[in-house]
Amino acid sequence: MFISIDERAATWFTKEFELKKPFSIRMFPQYAGFGIKHKGYSLAFSAETPGNVGYKNQLNGITFFVDVNDVWFFNDTETSLTADDLHDEILVTYKEL
């Protein structure tokens, strides 16, 4: 499992969630949509305090984390987050390891 988050994504989260740094973003699978990696699941985000952390990455005052119960979604995968400035949305890509 590897999760990369670039500067543009960090800026997007700061604007989207309107929170003062430092803050934390939980990344988790949500049963909805078509799903690129797992059929029927998409990646969702929420501003939460980390609990039982299975993975974390810090960037520019933001802690991005995955709960231990959600690690299965990211196993054997490189997940990359960036932002599409034109459409003002987060872009997620997956690459099998």
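The values are calculated or read from the model by the stated rules, or taken from the named source; none is laboratory data. None of these values were measured; they are calculated from a predicted model. No Cβ is skipped: glycine too gets one built from the backbone with ideal geometry, and neighbour counts run over all protein chains shown. When the accessible area is computed, the model is the full protein with side chains, heavy atoms only, and any ligands, DNA or RNA have been set aside. Shrake-Rupley method; radii C 1.70, N 1.55, O 1.52, S 1.80 Å.
Here are the numbers for the structure shown:
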| read-out | value |
| --- | --- |
| Tally of residues being among the β-branched types (Val, Ile, Thr) and touching a Leu at 6+ places or on another chain (Cβ under 7 Å) across the range 50-97 | 4 |
| Residue within the range 6-19 that is out of contact with any Asp or Glu (no Cβ under 9 Å at 6 or more places or on another chain) and either in a strand (DSSP E or B) or of a type in the set (Lys, Arg) (or both) present | no |
| Neighbours by Cβ (under 7 Å, 6+ apart or cross-chain): first from the range 3-23, surrounded by 14 or more Cβ atoms within 10 Å (Cβ to Cβ); second part of a helix (DSSP H, G or I) and among the β-branched types (Val, Ile, Thr) | none |
| Verdict on Leu91 being surrounded by fewer than 16 Cβ atoms within 10 Å (Cβ to Cβ), hydrophobic (A, V, I, L, M, F, W, C) and more than 11 Å from the chain's Cα centre (by Cα) | no |
| Matching entry among Gly40, Gly35 (being small (Gly, Ala, Ser), modelled with pLDDT under 90 and surrounded by 14 or more Cβ atoms within 10 Å (Cβ to Cβ)) | Gly35 |
| Selection within the range 49-74 - open to solvent by 30 Å² or more (accessible area, probe 1.4 Å), under 20 Å from Asp6 (Cα atoms) and part of a loop (DSSP other than H, G, I, E, B) | Asn60, Gly61 |
